[in-house]
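Worksheet: the structure to be examined is printed underneath.
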Amino acid sequence: MRLFLLAALLLCATLAAAWDKLDHEIFELYDDIKTNEPTTDWYALLSLTPKASTAEINKAYRQLSRKYHPDKLQHLPDASQQEKRFQRLSLVVNILRDPESRKKYNFFRKNGVPSWRGTAYMYRRWRPGFAT
């Protein structure tokens, strides 16, 4: 009986630490895009299909980076917003270029991004007793 309880406890412990750093990066970027862009589909953001090759992703990024680069948009009143958009595009492209990251994003794209802002998220941003 004790062995069964120990195995169940170990299983629960591994499930609690199921999201890794890359997953959290995808979740945070997804939330940022959801609040600031018209679409949450990263391929649509780059005007690509999900079957696009790395070369096509690089080509789309080069075109969009010419359009949204902060050095070209300094004279606009909303230049800081455009700079943040450029940063989001850069992060999206970096994730889609890497095969492992792209595979994870495609999984979350197909199955949905979980509601992930739980206690671990809050603890990383506010630690009780730390500088309070």
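When only the Cβ of Lys, Arg, Asp and Glu is charged (+1, +1, -1, -1), the dipole of region 47-104 relative to its Cα centre reaches about 200 debye. Shown are W19, W42, whose ranking by accessible area with a 1.4 Å probe and every protein chain present, most to least, is W19, W42. For region 24-34, backbone phi angles converted through the Karplus equation (6.51, -1.76, 1.60; θ = phi - 60°) give residue-by-residue couplings of 5, 4, 5, 4, 5, 5, 4, 5, 5, 5, 4 Hz, Gly and Pro being listed as x.
The values are calculated or read from the model by the stated rules, or taken from the named source; none is laboratory data. This structure is a prediction, so every number in the text was calculated from the model and none was measured. In this analysis, Cβ positions are derived from the backbone assuming ideal geometry, glycine residues included, and neighbour counts consider all displayed protein chains. Accessible surface is based on the protein model in full, side chains and every heavy atom, while ligands, DNA and RNA are left aside. Shrake-Rupley method; radii C 1.70, N 1.55, O 1.52, S 1.80 Å.
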